[in-house]
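Report on the structure given below.
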Amino acid sequence: MNNEFICPKCGGGLTANGFVVFSAKNAKSEKGLILLSPHLGDYTKILNKSFRVEDGSKVKFYCPLCHADLTATEIHENLVHLILLDEGNNRHNVYFSGIVGEYCTYKISDDKYEKFGDASENYEMYFKSRRI
């Protein structure tokens, strides 16, 4: 799977060495780096050594290239928005929760969606009847 995640603001590539790279700010406004698995439904994360996040807390995700806030405010303040370019170079909107431990991801393609994660019911209402 050679998916590439890109920033919806600047179009820059965020995938590096098998991870999606973000700059972030935790609930205490401390800054750090977060690397997430590029495989939808895999919630593996790596944080730089001095950056801590607590289960249930909200993390703000930013593009490490243009520093844009990736919060999907047009849908829900807890969701983060990325663009996925798949192996066929098709574009998909991907949304995931910025709440630590709330495992939900949504892949939006045309007027259908796929959901991943134990908490995927939490925001499903925003995608069922909506074309993104």
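The values are calculated or read from the model by the stated rules, or taken from the named source; none is laboratory data. The model shown is predicted, which means the values in this text are computed figures rather than measured ones. Glycine gets a Cβ as well: all are built from the backbone with ideal geometry, and neighbour counts include every protein chain shown. To get the accessible areas, we keep the full protein, side chains included, count just its heavy atoms, and leave off ligands, DNA and RNA. Shrake-Rupley method; radii C 1.70, N 1.55, O 1.52, S 1.80 Å.
Sub-6 Å Cβ pairs linking a first residue in the stretch 9-22 that is farther than 13 Å from Cys63 by Cα to a second residue that is open to solvent by 40 Å² or more (accessible area, probe 1.4 Å), at least 6 apart or interchain, are Phe19/Leu35, ordered by first then second residue. Can you go through Phe127, Phe96 and tell me which one is of a type in the set (A, V, I, L, M, F, W, C), more than 25 Å from Ser23 (Cβ to Cβ) and either in contact with a Phe, Trp or Tyr (Cβ under 7 Å, 6 or more places away or on another chain) or buried (at least 17 other Cβ atoms within 10 Å of the Cβ) (or both)? Among Phe127, Phe96, only Phe127 is of a type in the set (A, V, I, L, M, F, W, C), more than 25 Å from Ser23 (Cβ to Cβ) and either in contact with a Phe, Trp or Tyr (Cβ under 7 Å, 6 or more places away or on another chain) or buried (at least 17 other Cβ atoms within 10 Å of the Cβ) (or both).
With respect to the conditions (1) under 23 Å from Ile108 (Cβ atoms); (2) surrounded by 14 or more Cβ atoms within 10 Å (Cβ to Cβ), Val53 falls short on a single one, namely (1). Restricting the stretch 1-15 to residues that are assigned to a strand (DSSP E or B) and out of contact with any Phe, Trp or Tyr (no Cβ under 8 Å at 6 or more places or on another chain), the residue that is most open to solvent (accessible area, probe 1.4 Å) is Glu4. Screening the stretch 72-129 for strands (runs of 3 or more DSSP E) wholly inside it with 2 or more residues that are among the β-branched types (Val, Ile, Thr) and in contact with a strand residue (DSSP E or B) (Cβ under 7 Å, 6 or more places away or on another chain) returns the ranges 79-85, 105-109.
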